[in-house]
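Quick notes on the structure that follows.
The values are calculated or read from the model by the stated rules, or taken from the named source; none is laboratory data. Nothing here was measured: the structure is a model prediction, and the numbers come from that model. Ideal geometry is used to build each Cβ from the backbone, glycine not excepted, and the neighbour counts take in all protein chains shown. Protein only, heavy atoms only, side chains kept; ligands, DNA and RNA dropped before computing areas. Shrake-Rupley method; radii C 1.70, N 1.55, O 1.52, S 1.80 Å.
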Amino acid sequence: LAPLYDLNSIVPYEVSEVRIIARGKISIHVGELAMKIGTTPKLRQITGVDWELLAKENGLDKEKTKSVVLEVISNTPKAMKLAIDALPSEILSKDDFEFAKDLLKRVTKQANLCVVSMNGRGIPARF
């Protein structure tokens with residue numbers, strides 16, 4: 001699960017579609033994971049086929065692996081929304097809630113792109 005941890009760790013960050021990026025962003029063109037998924041270290045190029053290869057290399061069922069990855073991808077925004085909804089309003093400021101909502105939007109966008117890439121097409125050049 002280490003590669004999936006890498007992906008979840010960067011999901012909240014803004015991802016740029018250009019090669020030259022502003023500080024605080026990750027370029028989808030050059031961003032690499034600490035561990036490859038299949039044969040692919042580059043974020044933009046990871047597809048369902050890469051997850052199948054990772055499963056095969058580790059003696060795991062390919063379809064079950066892809067299913068678990070898709071489950072994590074689709075449940076991450078849902079879990080985050082539940083956590084935001086449970087935040088105590090008497091402790092956090094309006095700005096804190098706005099930050100959390102903005103983060104949720106970015107996580108949801110990235111999760112949707114990951115679902116597209118699981119269908120074998122990689123992340124679109126324009127998003």
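Probe 1.4 Å, all protein chains in place: accessible area of Ile46 in Å², nearest 10?
Only protein atoms counted, so the area is about 10 Å².
Along Cα→Cβ, 7 Å out, is where each label goes; now give me the distance between the ones at Lys62 and Ser93 in nm to one decimal.
5.2 nm
Just the Kirkwood number for region 39-81, please: inverse of mean 1/r across all distinct Cα pairs, in Å, one decimal.
Radius from the Kirkwood sum: 11.2 Å.
R0 = 22 Å: FRET efficiency of Asn112 with Asp85, Cβ-based, nearest 0.05?
Between Asn112 and Asp85 the formula returns 0.60.
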